[in-house]
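Q: Just passing along the structure, written as structure tokens.
A short reminder: the numbers here are calculations on the coordinates, not readings from a lab. Everything numeric here is computed off the predicted structure, so don't read it as measured data. Every residue, glycine as well, gets a Cβ built from its backbone with ideal geometry; the counts of neighbours run over all protein chains shown.
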Amino acid sequence: MDFAETFKEEAFELLGDLESNLLELEKDPSDSELINAVFRALHTIKGSGAMFGFDRISEFSHEVENIYERVRLGELLVDPTLVSLTLDSQDLIRKMLEGEDVQDSDLQQVLSQLEAFRESPKTPESKPAEKIAEAETAQEETTYRIRFEPFPDLLQNGSDPSLLLDELHELGPCIVTTKLDKVPPFSQMDPEHCYCSWQIMLSTTRGEDAIRDVFIFVEDECELHIEEADTSEEAPIERLGEILIKRGDLSEETLNKTLEKQRPIGELLTKQGALSPEKVENALAEQNHLRQARERTISKRRTTSIRVQSEKLDTLVDLVGELVTIQARLSQIAMGSHDSQLINVAETVEQLTWELRDSAMSIRMLPIGTTFDKFKRLVRDLSKELGKEIQLKTSGSETELDKNVLEQLNDPMVHLIRNSIDHGIETPETRIEAGKDPQGSIHLSAHHAGANVIISIRDDGGGMDKERILEKAISKGLVDPEQHLNESDIFGMILLPGFSTKAKITSTSGRGVGMDVVKKNIEALNGSIEIFSEPGSGTEMKLKLPLTLAIIEGLLVEVSNSFYVIPLSLVEECIELPLGESKNRVINLRGEFVPYIFLQENFDLEESQHQHRQIVLTQFEETKLGIVVDRVVGEHQTVIKNLGSLFKDVEEVSGATILGDGTLALILDVPKLYRSAQATYAS
């Protein structure tokens, strides 16, 4: 991989963490852990930027880092001004990484403001005593034993080990020993390979995280071992053999073979009569128990991960999708051949394909908390711009969603949150008059619901006035004055193009552009949006989204020799269509009346010759709908394929899939099918 791209990828992650830590630091300015985290991020970007040739980023980061060095030492205190300036600095670094044209004057403007902040510090005496004690504890010196063994191709990626060692020297006193045992004869040496490794003893007040930050851009290109050395007064001096093993100069096996020539201490004590054999065995059992407990602890702490480009994951999922299609074909051929051996192989391949599908899909799943965190900055900046006090709360951040869905979800979420800030939350003065806390809140939450994820954006603002919304819609000609609408329909009007109740157009809202785009984007993800509101209490917008857009479980049905797939997550049950068909297209299902439609009529297909047809009962949100089909074929692993421009106006179909015999089957969009049928029967 290109070393510059590697640096950028890691730096973007560091900037994301930096932004989150700064927003948390603004709430608790004396949190020493957050201060250290901000300092480490800036320090790492500075050092690695210099290593990979991003000198402009390195020099700028160094100036900002110096401010936080003084904060760490207690010479400066964090306040909202410093946080805002650091966020501006983070934005400039991000722009430089993205290749935007950042002028020197822009950098100098921020640096001048930081310098002014540096020259007029607040008195450190205002720092709470307990926080000072925490800071002093964090500054306690610790000694680490570090083994750095680069892979041979480290130099080919543009990395310079000498710069990494220089970075370690900046952390504190250290002793560096170079190991040359792997250096080949001169005639066999490749000048582009790294044959050296290093042993380092480092004493620092920065902690292990600061050491790992030095190696953050080469951690996948080396063997790195960091171990804290016990330098307390009570700690025994390590024996020579232990030191040689920890340095990697001696294997434990060689040491044990050498020690085997000596008699164990237990045997010597027993022979001398100082201890009974039972006491020695009990002590050995205790020693073995402690060793196993320590090994379990180490095993729990050990984590392994690998960084993979997202394009490779997409390719893997695409290939798995093709494999699912071929596997269906194999199963179909096997069942038709009545060959027991072929059927057995097909069943094994089917099981392996399912496991591979689940594994590939799980790799592409990401916690939605990574998306939630991006909105903290948006809420902070926009609330200040509008003169409001707003707190962002989140829950369900661990809920996982396909990365492709998350990427397409960002823009709709931004629109909805901006809408809550501008339209929903009142000014502090208005909230106080209404008997509310002057600080409003926006709550983002997520949870799984079957094969879907429900995301909620809820505010505790003034809510929406449905009478005013209806009046505005009628005046704009968006709805017939005689039309009867329920509360859900009225609130749904804010999603119509050109609709806005804002009296004054601002830079934030008022043009009626945005909410209709939200609806289109959500529906493009095969999702839906619901709006609930109560005057004086606030508004909630619920998004219902599929877990993935690649492979779903479906129910395969046949209608007039054509095949269709109904998402299995929406299917409740299948029943026989009564021979005496109801003219009202309603069936009495255990005391509940459920409407149904004929798929044959909706798609203008040939008259069905089946005498005994079936109804597939589906449920979405609070609505139930029966779909009449000729035959239910069964469950089907559905690989979703996008439809071409020919089907762009067919709203009732969300995609297509290829069956085992090569036949095309359309995937039904049940909610849109219901709305289409509702409009047809209403007319």
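Q: Where the centre of each part is set by its Cα atoms, how far does segment 374-414 sit from segment 48-76, in angstrom?
A: 29
Q: Using Cα centres only, tell me the gap between segment 456-487 and segment 604-646 in whole Å.
A: 34
Q: Another question, then. With a ≥ b ≥ c the root eigenvalues of the C-alpha gyration tensor of segment 3-137, is it rounded (a/c under 1.5), prolate (a/b larger than b/c) or oblate?
A: The shape class here is prolate.
Q: Next question, about the same structure. Out of all DSSP beta bridges in segment 384-496, what portion is antiparallel? Express it as a percent rounded to 5.
A: 55
Q: A follow-up question, please. Applying a 10 Å radius around every beta-carbon, put 72-78, 146-152 in order of their mean neighbour count, most first.
A: The densest-packed peptide leads the list: 146-152, 72-78.
Q: Something else now. Among 43-51, 191-199, what's the highest-first ranking by average C-beta atoms within 10 angstrom per residue?
A: The peptides rank, most packed first, as 43-51, 191-199.
Q: Now for a different question. Dipole of segment 140-231, Cα-centred, from +1 at each Lys and Arg C-beta and -1 at each Asp and Glu C-beta, to the nearest 20 debye?
A: 360
Q: Which peptide among 206-212, 667-673 comes first, and what is the full order, when sorted by highest mean count of other Cβ atoms within 10 Å?
A: The densest-packed peptide leads the list: 667-673, 206-212.
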